[in-house]
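Below: one structure, written as structure tokens.
The values are calculated or read from the model by the stated rules, or taken from the named source; none is laboratory data. Everything quoted here is computed from the prediction, not taken from an experiment. Cβ coordinates were reconstructed from backbone atoms using ideal geometry, including for glycine residues, and neighbour counts include every protein chain displayed.
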Amino acid sequence: METRLSDSGYQWIVGYLSILFVFGLVANSTVLLVFAFSKSLQNTTDVLLISLSISDWLQAVLGKPVVIYGNVVGWWNADRALCVFYGLSTAALGFVSLLHLAALAFQRWLAITKPMTYKTICDKRIYPLVGTLWAWGMLWAVFPVLGWSGYELEPGETGCAITWNDQSTTNKSYIFIIFGIFFLLPITLVIGCYAWVAKLARNMSTDALARWGRDAAASQATLRSEKENAWTSFVMFLGFLIAWLPYAIVSLYSAITGERVSPEAATIPGMLAKSASCYNPLIYVFLYSRFRRALSKLTRRGLVQPVDLTFHRTANATIRSVHNTTTTSSRTVTSTKHSLEVIKA
């Protein structure tokens, strides 16, 4: 079976990855600047969002330049250490991002069901929790470097990833464990938490309307909180799932059958997964009102320049440049009132 794409295929991939790099770097840098310069976003309830944004930023800074370089010179011509570095960093940051999304879902559930416990965790344990998420994700990404599975070129040779199709018992044990720990369990937790949150928030809205009336401030705040808190976090998870689910399915198929899928079948899900770090900045802008107000305020003060989200010109220029470059190069993430206040926070 042919393992590589055509030359034009690699040219389009480098152009696409270059766009993701520029957008991901600018957008995630803007997000971090907004968090850094906005006191309203520097409370303990936003720590998980800030940490997730750092993970997204690192994916743009560490991963994208390496994968672009690998596709320009040809991964088969690149040093083996570069392949391992890219596979390791991508796996680690992917694991960390999904753990953060699961923690955000649990945080939102805790805020509604156990507000006092939620406050204690946010005030005293949020930083150790974040450190644990990072350490746990990176630990499991390091195991392949130590010999439990490994990192190798993906079918299509557009990047490096965990060795999915090795049928040895040792490799399969690693694949199935990480699939359970970093995919099935987080997804189950997230869906369960948000389903519970949606139900409780709806009940609280009904109770608030019955107690204080539709025009009461508390009722309106409850309705706004239900929409914002449920949708912002859930859409972040949904974006991550859309980006990674096709890749997870193809990879699991390879792990179970031992077959190497065609370059095209492997490349398309892989390229979609590489866009995951670009979604959250857009979600913050469109769904997170406190972030949107902070961004607007900083923009008016001139601390943050408006980000042009239209990349048609950049895309065309990048692809033209890549075409020239690759042609000449060798192929060579209490009470009801008390609960409502927590939701609003």
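Some values worked out for this structure:
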| quantity | calculated |
| --- | --- |
| Any hit, segment 155-162, residues being in a helix (DSSP H, G or I) and at pLDDT 80 or above | no |
| Selection status of Ile68, surrounded by fewer than 21 Cβ atoms within 10 Å (Cβ to Cβ), farther than 23 Å from Tyr86 by Cβ and either under 14 Å from the mean Cα position of the chain (by Cα) or not acidic (Asp, Glu) (or both) | no |
| Residues located in segment 161-181, provided they are out of contact with any Phe, Trp or Tyr (no Cβ under 7 Å at 6 or more places or on another chain) and of a type in the set (Phe, Trp, Tyr) | Trp164, Phe176, Phe179 |
| Lone unmet requirement of (1) surrounded by fewer than 14 Cβ atoms within 10 Å (Cβ to Cβ); (2) under 23 Å from Phe237 (Cβ atoms); (3) under 22 Å from the mean Cα position of the chain (by Cα) for Ile162 | (1) |
| Hey, Tyr151 of a type in the set (Phe, Trp, Tyr) and in contact with a Pro (Cβ under 9 Å, 6 or more places away or on another chain) or not | yes |
| From Ile242, Ile249, residue being modelled with pLDDT of 90 or more, β-branched (Val, Ile, Thr) and surrounded by 14 or more Cβ atoms within 10 Å (Cβ to Cβ) | Ile242 |
| Sole residue being surrounded by 21 or more Cβ atoms within 10 Å (Cβ to Cβ), of a type outside the set (S, T, N, Q) and assigned to a helix (DSSP H, G or I), chosen from Leu25, Leu17 | Leu17 |
| Residue that is farthest from Ile181 (Cα to Cα), among those in segment 120-143 that are at pLDDT 95 or above and surrounded by fewer than 16 Cβ atoms within 10 Å (Cβ to Cβ) | Gly131 |
